[in-house]
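The values are calculated or read from the model by the stated rules, or taken from the named source; none is laboratory data. For clarity, every value in this text was computed on a predicted model and none was experimentally measured. Cβ placement follows ideal geometry from the backbone for every residue including glycine, while neighbour counts extend to all protein chains displayed. Heads up: the accessible areas ignore ligands, DNA and RNA and are worked out on the full protein's heavy atoms, side chains in. Shrake-Rupley method; radii C 1.70, N 1.55, O 1.52, S 1.80 Å.
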Amino acid sequence: MASGILESIRFLLLTQPLEEFRHEADKVPAYRLPFIQRYLWVSSISPRGIGWSFGTNYFLAPVDLRHHTRVSFVASRLRRIFVHYFLFEFALLYTRCNPVFTSPASLGSQGYLLQCLNLAAIPTQLYAGLTCVHSVLAIVAVGAGLDEPRLWPGPFGRWKDAYTIQRFWSRTWHQFTRNCLTVFGPHRRRHNPWDQVPSGDSSARRTTERKSWMMAYLRICNAFLCSAFMHLCGDIVIQFRIWENSPPMRISSFEKPDLPSVIGFSIPFYIIQPLGVLLEGIVMELGKSLGLKSSQWTKILGYMWVAAWLSVTALPWMDNLKDAVHAAYPPLERGAKTGTTLIEAVLDQIFGINLASAISTWLAGQ
């Protein structure tokens, strides 16, 4: 819902797609096409701009050259589905067996190490689930000959690029929503993709305008404001679900049911992220002034910094999310104790191991 609102603002108010966008296969501007072709052209716009003039392909993890044939691409995506399905099940099993997810206790109440695992469990399910779905769609599109393999890079970026907070969000996590979140800019001067560039003027093809630090930071702040808005819409959906589950009020009674209010609990986490980007920017500039250069050790420190920052700032958000979901979907608490993952079924059938019971017993003592 929220992404649809932002995309509507982008396409209807802030841009003129028929004139400003161009697909790599276009022969003529889209506004010259008949209505049906224009409609199909607009419907085919990629959220990440893959193959489009507005795309930022340098942020994407391209498809490996070894997988540019149809057979090798399908095989690679089948392997990806296999790996990420089990990753999804491991994360699901962990959240199901850990009593902290079904109690009022904080996710950080089991010590810092388990706090990090607890905070990563829910996003890991989202990450693995979306990767599986995306891989299935990619197999269908490429296997049927509708698209080329290069047009289906992974839904998330490379984890090795996430050694700063800014790179974590822009390069690794926010791949599908990158163009949506940066809809309000500030942007560089737009160039008509159909303008003819003189062959002798090579600099005209390059982006010679360097954004000032302030403009770049303002763009980051706007992106996180849009992200906060998107998650606020999710808060509203959960709140309506809580209201639906509440008992009907009697007209003659002046007592109001004690219902939790969850609207806005996601906002602080995203509002505070630009502060982390600002802090790491200051530290990096200070390091450059001291003559420090990027190396494997600085990247390791960066990974540790990103993990520490997210483990601290995400804790209040995840605690509130856990409580809100339990209030909105109480059947999940009961169903969580009866479901069985494929991993549990295989271990129980072959080795007679009750994995869920063993994990629950160990985590209960933490």
Check your understanding: Of the conditions (1) closer than 22 Å to PRO330 by Cβ; (2) in contact (Cβ under 8 Å) with a residue 40 or more places away in the chain; (3) part of a helix (DSSP H, G or I), LEU114 fails just one. Which one is it?
Key -> (1)
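Take VAL197 and tell me if it is under 18 Å from the mean Cα position of the chain (by Cα), modelled with pLDDT under 85 and outside any helix (DSSP H, G or I).
Values: under 18 Å from the mean Cα position of the chain (by Cα): no; modelled with pLDDT under 85: yes; outside any helix (DSSP H, G or I): yes.
Judged against the criteria, VAL197 is not a match.
Could we say that GLY49 is of a type outside the set (Lys, Arg) and surrounded by 19 or more Cβ atoms within 10 Å (Cβ to Cβ) here? Spell out how you get there, then give the answer.
Numbers: of a type outside the set (Lys, Arg): yes; surrounded by 19 or more Cβ atoms within 10 Å (Cβ to Cβ): no.
Judged against the criteria, GLY49 is not a match.
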Review point. Which ones in the range 255-302 are in a loop (DSSP other than H, G, I, E, B), surrounded by 14 or more Cβ atoms within 10 Å (Cβ to Cβ) and among the hydroxyl-bearing types (Ser, Thr, Tyr)?
Key: SER266
**Study point:** First in the range 311-322 and part of a helix (DSSP H, G or I), second anywhere and of a type in the set (A, V, I, L, M) and open to solvent by 40 Å² or more (accessible area, probe 1.4 Å), Cβ under 6 Å, 6 or more apart
**Key:** THR313/ILE272
Check your understanding: Can you tell me how many residues in the range 52-76 are open to solvent by less than 30 Å² (accessible area, probe 1.4 Å), under 23 Å from the mean Cα position of the chain (by Cα) and at pLDDT 85 or above?
Key -> 2
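Determine whether the range 83-94 contains at least one residue that is closer than 24 Å to LEU151 by Cβ and either open to solvent by 60 Å² or more (accessible area, probe 1.4 Å) or modelled with pLDDT under 85 (or both). Can you show your working first?
Filtering the range 83-94 for residues closer than 24 Å to LEU151 by Cβ gives 83-85.
Of the ones still in play, those that are also either open to solvent by 60 Å² or more (accessible area, probe 1.4 Å) or modelled with pLDDT under 85 (or both) are 83, 85.
Yes - at least one qualifying residue is present in the range 83-94.
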Review point. Yes or no: ILE271 β-branched (Val, Ile, Thr) and modelled with pLDDT under 90?
Key: no
Review point. Of the residues in the range 95-117, how many are of a type in the set (Gly, Ala, Ser) and crowded, with 19+ Cβ neighbours inside 10 Å?
Key: 1
Check your understanding: Hey, LEU232 hits all of (1) hydrophobic (A, V, I, L, M, F, W, C); (2) at pLDDT 90 or above; (3) under 30 Å from ASP26 (Cα atoms) but one; which does it fall short on?
Key -> (3)
Practice item. Return the residue satisfying two criteria in turn: it lies in the range 118-146 and is open to solvent by less than 20 Å² (accessible area, probe 1.4 Å) and among the small types (Gly, Ala, Ser), and of such residues it is nearest to LEU321 (Cα to Cα). Key: ALA121
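Can you report the number of residues in the range 12-46 which are open to solvent by less than 40 Å² (accessible area, probe 1.4 Å), under 20 Å from LEU151 (Cα atoms) and outside any helix (DSSP H, G or I)?
Initial filter on the range 12-46 (open to solvent by less than 40 Å² (accessible area, probe 1.4 Å)): 15, 17, 21, 26, 29-30, 33, 41, 45-46.
So of that shortlist, the ones also under 20 Å from LEU151 (Cα atoms) come out as 21, 26, 41, 45-46.
Now narrow it down to the ones that are outside any helix (DSSP H, G or I): 21, 26, 45-46.
Total satisfying the criteria: 4.
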Exercise for review: Determine if the range 118-130 includes at least one residue that is touching a Gly at 6+ places or on another chain (Cβ under 8 Å), part of a helix (DSSP H, G or I) and not hydrophobic (A, V, I, L, M, F, W, C).
Suggested key: yes
